[in-house]
Every structure is written in structure tokens, then in C-alpha cells.
Amino acid sequence: MLSSKIQDTLNNQLKCEFQSAYTYLSLAAYFEDLDLNGFAHWMKIQYHEELMHAEKIYTYINDRDGRVQLQALDSPKSEWDSPLVAFKFALESERALSAQIYEVVDVALGERDHATHTFMQWFVNEQVEEEAIFRDIVSDMERVIESRDGLFLMDRDLAGRQPQKGQEGPG
Ligand code: MG
């Protein structure tokens, strides 16, 4: 059984993961509009990953006999000044999400809820990976930004991203 404080915190985290999915779908739409289909594909895979994160939390709340409460999402940002600015925005969003996840871990420790603490470690580790991936792409983009060819080659490269195992979306 979840304490009401943990249940509220997890429901808020569930919203954050959906909000993050929404942001990535908006980024995908931005790149589609620029005909950077590889970037758009990459963002859509990220969108599916965030939906999977949300579902993980949904399942956990139910497994602990809690009650899932879905909340309203905010309209995501939809315009950026350049592809680089868009990717930097995504990196900052991931950093904010990491800080948010640490808060959930802090609440779990405060409530002495060791099951939730252990459950959240998967997210803590996932964020380390996410931030590293985004940082790498931002730094690659900073290198190629002067040349349109560079962006074109990166687009082809990002088009090759495969979903993680068990995360294949509806396509
Ligand atoms: Mg996530």
C-alpha cells in the first residue's frame, strides 16, 4: 500500500513522463516541418520511450495497490530558432527531469518506502544515459552547424536509431 504522499508524488511523476513524451512529439513535428526526417524519427523513438516510462509508473502504482490519477498536460513548446536550439532545449528538459526524479527519490526515502526507492533507481540510471546521449548529439551538432552537409549527414545518421528492446512503438 502506498502512502498518500507517495501516491501523489508518483502520479505527478506519471504526468511528467507524459509531458516529456508530448514535448518529444512536438520536437518530432518541428523536425518534420524542416524535412529533417532522421531527426524527426529519432524524436519519435524518444517519444515512445517516454510513454514506456509513464507506463512503468502506471503499472507500479497499480502493483502497490495505489490509484492512478491522470492529470492535464500542458501544451508543449512547438517552435525553436534552429535544430541546435531544439536539441539544447531537449537536453535541458532531460536535466530538469533528472532533478524531478531525484525529488521522487527524496520523498521515497523520507517516507521510508524502500520499494519505491528501489523502483526509482531504474529511472535514476536511465537519466544518466539520456543526458549523455543528448550531450553527445548537441556537441556533434555544434561541430557541424556551419555546414548544411553536416546537418544532412547527421540526419541520415539519426534516421538509423532503433527502439530499445521491448519498446517498439506502434510505428
Ligand atoms: Mg522519462
- [ ] Please list the non-local residues whose amide H lies under 5 Å from the amide H of Glu111, H modeled 1.01 Å from N, same-chain partners needing a gap of 5 or more.
- [x] none
- [ ] Give the order of His114, His41, His53 when sorted by the count of other beta carbons within 10 angstrom, beginning with the fewest.
- [x] His114, His41, His53
Open item on the list: Compute a Gaussian network model of the chain, connecting alpha carbons closer than 10 Å, and tell me which residue from Ala28, Ala96, Ala54 fluctuates the most.
Closed with: Ala96
Open item on the list: Around Val144, under 15 Å between beta carbons, what's the net of Lys plus Arg minus Asp minus Glu among the other residues?
Closed with: -3
- [ ] Just rank Glu130, Glu49, fewest to most, by other beta-carbon atoms within 10 angstrom.
- [x] Glu49, Glu130
Open item on the list: Given the options Ser75, Thr23, Leu109, identify the residue whose Cα lies farthest towards the positive end of the charge dipole of the chain (+1 on Cβ of Lys, Arg; -1 on Cβ of Asp, Glu).
Closed with: Leu109
- [ ] Name the most mobile residue of Glu103, Glu94, Glu142, meaning the one with the largest mean-square fluctuation, in a Gaussian network model of the chain with Cα contacts below 10 Å.
- [x] Glu142
Open item on the list: Just to be sure I understand: with springs between alpha-carbon atoms less than 10 Å apart, which residue in Ser93, Ser139, Ser147 has the highest mean-square fluctuation in the Gaussian network model of the chain?
Closed with: Ser147
TODO: Would you mind checking the tilt of helix 83-110 against the longest principal axis of the Cα atoms of the chain, expressed as 0 to 90 degrees and rounded to 10?
DONE: 10 degrees
Open item on the list: On C-alpha positions alone, give me the angle between the axis of helix 114-144 and the longest principal axis of the chain, in degrees, nearest 10.
Closed with: 10 degrees
- [ ] In debye, nearest 20, what is the charge dipole magnitude of segment 47-104 about its Cα centre with +1 on Lys and Arg Cβ and -1 on Asp and Glu Cβ, if you could check?
- [x] 100 debye
- [ ] At 0.36 nm per residue, minus the direct Cα-Cα distance, what do Ala159 and Thr118 gain on full extension? Give it in nm, one decimal, please.
- [x] 11.3 nm
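Quick note: the coordinates plus some simple rules give every number you see, no bench work behind them. Treat the numbers as computed from the prediction; the structure is a model and nothing was measured. We place every Cβ from the backbone using ideal geometry, glycine too, and count neighbours over all the protein chains shown.
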